[in-house]
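Here's the structure we're looking at; comments come further down.
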Amino acid sequence: MRLGYLIREGFRSITTHGFMSFATVTIIVACLIIMGSVSLLSLNIDALIKDLEDQNEVVVFVDETVADEAAARDLQPYIESVANVSSAQFVSRDEAMDSFMSKYDASLMEGIDSDVFRHRYIVHLSDIAYMSQTKLELEAIPGVAKVNAHLDYAQSFVTIRNVVTVVSLVLIVMLVFVSFFIMSNTIKLATFGRREEIAIMKMVGATNGFIRLPFVVEGLVLGMMGGGLAFLAEWGLYNVVTGRVVGTITGTFINVIPFRNVALEVFAVYMAVGVLVGAFGGVNAIKNYLKV
Amino acid sequence: MVLMQNVRKVYESSNTVALDNVSLTIEDGEFVFLVGPSGSGKTTLMKLITGEVRPTSGKVIVNDFDMSTIKRRKLPKMRRTLGVVFQDYRLIENMNVYDNVAFAMRVVGAPNREIKERVPYILELVGLGGREKRMPGELSGGEQQRVGIARALVNSPRMIVADEPTGNLDPVRSLELMLLLEKINEMGTTVVVVTHEKELVNAFSKRVITIDCGEKTGDSNEGGYYGI
Ligand SMILES: Nc1ncnc2c1ncn2[C@@H]1O[C@H](COP(=O)(O)OP(=O)(O)O)[C@@H](O)[C@H]1O
Ligand SMILES: [Mg+2]
C-alpha cells in the first residue's frame, strides 16, 4: 500500500501540473543535449588529437652530406636526447624507396637510384602541444637537413580542445544549476497546492521522509523522463551532425567516434543527472514545509 | 499528560511576551478548559504542547517527551500520541469524509486492514455513520468539525488538544460538540479545550485554567469561567 501510495502521489502531481511538468522535462532535455553535445565534441577532438599523435610522425631528414648510412645512424642518440621525443626509428634511403614503391606504382621508380631519397628518422612525440618547440630543437642537431611536421593543425586542435573543455565545464555547471532550479520550482507548485495536506501530515506525526517521498518521486520521474528523451534526441542529433561532417570532408583525417561506442556512457550520465536533479529538486522544494 | 514549569515564551519577531512564568500540570484522563481573552496566549500554550513552538525558557513535558529539548526527528513519534483539532477544521477539500479520516492513518503507515476496520468505527462514534462518501463542502460546520475530531481520534492518541473547536459554530452545535469531547474523555482520552465562550464552559463542571496577558490567573476544579 505504502509504495503504491507514493508512486500514485508522485504521478498525480505531475499530471495536475501538466504544463509545468512538460516545461521542466523540456528544459532538462535541452540542458542535457547542450551538455552532451559539448562533451561529445570535446571527446571527438580528443580522439582526433590522439589520432594525430599516433599517426602524425615527425619525419627528420638527414642532410645529404651525411651520405654514409653508418654516419646517419649515429644521429640516433642525439635525436632521442631531445626532450618530448618518445621514439626515433631510423629508415635508410633504400628502405624509404622500398616503402615508396610499395605505396605507389613501382614502375615510376624504374631506373631511379635510391640516392634521390634521404636517410631519415621517423620520430614520435610525447605531447604534440610542444611540437613547434621540438621541431626547432631537432633542426638544431648538426646533420639534420629538415623536419617535416604537421604543425598547423596539431597546434590548433590542442587550442580548440582546451577552449571546448573549459566552455563545456562552465556550461555543464550552469545548466545543472538551471535544471535544478526549474525542477525545484515546479515541484514547489505541487507542494504549495498540497500545503494543507502537508500541515496535517506533520500534525498527525508523519515522518519527514514520508512527507518528502512523493515529491522526490515526482522529481525522479521528471528527471528520468528528461534523461531518457535527451538520450534519444542526442542519438538522432549526433548521427545527423556527424553524418554531415563525414559526408562533406571525406578523405580527410577526420574520424568520428560512432555513437554506439559512447551510447552507454551518454545514457548513464543523462540518467544520473536526471535522477540527481530530480531527487535534490524534490528535497529542496519541500524543505520549507518540514521545519514546523 | 502535560507538565509546565516556569514557562516563558517570547516571540522575537513581534517582541511579544506571549507567556510568562506559567506552571501547570494536566494528568492523564483529565478534561480541562483553557480560557482567557483574545491575545492572552492560549494558542501559544497549545503550540507548546504540539511542538510547533519551543519555550524561550522553562520546561514543557508532554506525554513523556521533553518538548524544550526534543530533537526534530523525534517530533513525529511524539505527535502520534496527540490528536489535534482546529477551529477551521482543516479538512482536505478534495477528499471525502472517509478519506479525510483514513488519511491520518495512511500517512503514519497503518496497514490497510486496520484502516478499514477503524475508520467506520470512529465515524460511527462521532455521529457521522453513513456520511462516508460526502465531501467536506457538503457538510454543515458541526459535521465538518466532527470529521476533524474523528481524524484526531483515529490513531488512538493519549490526548486530544482542541484550539477553539467551536469558534465557528452556533451555540447548539457547540454544546453538542463539547458533549462529544466529554464522551471521548470518558472513554479514557485526556482532553484539553481552548475556548472563550463563557456559557459553554459554565454548562460543564470541569477543571478550568485561566490565563490573562500570558500569565496563569486561575486554576479551578469547581468549574466555571474565571472561577465564577
Ligand atoms: N507567530 C507569532 N509571531 C509573533 N507574535 C505572535 C505570534 N503568535 C502569537 N503572537 C502574539 O503573542 C500573543 C499571544 O497570542 P496567542 O497565543 O495567539 O493568543 P490567543 O490564542 O489567546 O488569542 C499575541 O500578542 C500575539 O500577537
Ligand atoms: Mg488563539
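Readers should treat all values here as calculations from the given coordinates under stated rules, not as data from a laboratory. Because the structure is a prediction, the values reported are computed rather than measured. Using ideal geometry, Cβ is built from the backbone for each residue, glycine included, and neighbour counts are taken over all protein chains shown.
For the stretch A:57-149, the Kirkwood hydrodynamic radius from C-alpha pairs, put into Stokes-Einstein at 37 °C and a viscosity of 0.692 mPa s, yields a diffusion coefficient of 239 µm² per second. Past the 28 Å Cα-Cα mark, which pairs from B:Lys42/B:Lys183; A:Lys188/B:Lys77; B:Lys77/B:Lys133; A:Lys287/B:Lys116? Violating the 28 Å limit, Cα to Cα: B:Lys77/B:Lys133; A:Lys287/B:Lys116. Note on A:Ser87 and B:Lys198: the model spin-label points, each 7 Å out from Cα along the C-beta direction, lie 10.5 nm apart. Take the Cα of A:Trp235, step 7 Å along the line toward its Cβ, and report every residue of the stretch A:15-39 whose backbone nitrogen sits under 18 Å from that point. Zone members listed by number: A:29-30, A:32-34, A:36-37. Neighbour counting of Cβ atoms within 10 Å sorts the residues B:Ser13, B:Ser156, A:Ser92, fewest neighbours leading, into B:Ser13, B:Ser156, A:Ser92.
What the phi angles of the stretch B:21-28 give under the Karplus curve with 6.51, -1.76 and 1.60, with θ = phi - 60°, is a coupling list of 6, 8, 10, 6, 10, 10, 7, 4 Hz, glycine and proline written as x.
The mean number of Cβ atoms from other chains found within 10 Å of a Cβ in peptide B:103-110 is 6, as a whole number. Helix B:112-125 and the longest principal axis of the Cα set of chain B meet at an angle near 70°.
If I fit a long axis through the Cα atoms of helix B:97-106 and take the longest principal axis of the Cα atoms of chain B, what angle between them do I get, 0 to 90°, rounded to 10? With rounding to tens, the tilt is 70 degrees. Near A:Val91, the amide H atoms lying under 5 Å from its own belong to A:Arg120, A:Tyr121, A:Ile122; only residues 5 or more places off or on other chains count, and H is placed 1.01 Å from N. Here A:Lys291 is the anchor, and the aspartates and glutamates within straight C-alpha reach of less than 12 Å, apart from those fewer than 8 places off in the same chain, are B:Glu52. Taking a Cβ cut-off of under 10 Å around A:Arg118, the surrounding Lys, Arg, Asp and Glu residues balance to a net charge of 0, with basic ones at +1 and acidic ones at -1. For A:Met174 and B:Glu12, the FRET efficiency from 1/(1 + (r/R0)^6), where r spans their Cβ atoms and R0 equals 22 Å, is about 0.05. When B:Met187, A:Met183, B:Met1 are sorted by how many other C-beta atoms sit within 10 angstrom of their C-beta, beginning with the fewest, the order is B:Met187, B:Met1, A:Met183. Label-to-label distance for A:Ile7 and A:Ala30 is 3.2 nm, based on points extended 7 Å past Cα in the beta-carbon direction.
Summing Lys and Arg as +1 and Asp and Glu as -1 over all other residues whose Cβ lies under 11 Å from the Cβ of A:Phe215 gives a net charge of +2. 7 Å from Cα along Cα→Cβ at both A:Val59 and A:Asn185: what's the point-to-point distance in nm? Going by the 7 Å Cα→Cβ label model, 6.0 nm. A simple rule links phi to the HN-Hα coupling: the Karplus curve 6.51 cos²θ - 1.76 cosθ + 1.60 with θ = phi - 60°, which for the stretch A:224-239 gives 6, 4, x, x, x, 5, 4, 4, 4, 5, 4, 4, x, 4, 4, 5 Hz, with x for Gly and Pro. Summing Cβ point charges (Lys, Arg +1; Asp, Glu -1) relative to the Cα centre of chain A gives a dipole of roughly 3160 debye.
Per residue, the protein assembly as shown reaches -17500 deg cm²/dmol at 222 nm when only DSSP H runs of four or more residues are counted, each adding -39500 (n - 2.57). In order along the stretch B:47-53, the phi-based Karplus estimate (6.51 cos²θ - 1.76 cosθ + 1.60, θ = phi - 60°) of 3J(HN,Hα) comes to 5, 5, 5, 7, x, 6, 10 Hz; Gly and Pro are listed as x.
Panel order for A:His17, A:His119, by other beta carbons found within 10 Å of each beta carbon, from fewest to most: A:His17, A:His119. Hey, if you put +1 on the Cβ of every Lys and Arg and -1 on every Asp and Glu Cβ in the protein assembly as shown, which of B:Leu75, A:Val60, B:Gly58 ends up farthest toward the positive end of that dipole? Of B:Leu75, A:Val60, B:Gly58, it is B:Gly58. The mean count of C-beta atoms from other chains within 10 Å of the C-beta of residues in B:76-82, rounded to a whole number, is 4. Near B:Asp219, the amide H atoms lying under 5 Å from its own belong to B:Thr210; only residues 5 or more places off or on other chains count, and H is placed 1.01 Å from N. For the residues of A:204-215, the average number of beta carbons from a partner chain within 10 Å of their own beta carbon is 5.
For the stretch B:66-89, the residues whose backbone nitrogen is under 19 Å from a point 7 Å from the Cα of B:Leu3, taken along Cα to Cβ, are B:66-71, B:78-79, B:81-82. When you count the other C-beta atoms within 10 angstrom of each residue and take the mean per peptide, B:124-135, A:21-32, A:256-267 line up highest first as A:21-32, B:124-135, A:256-267.
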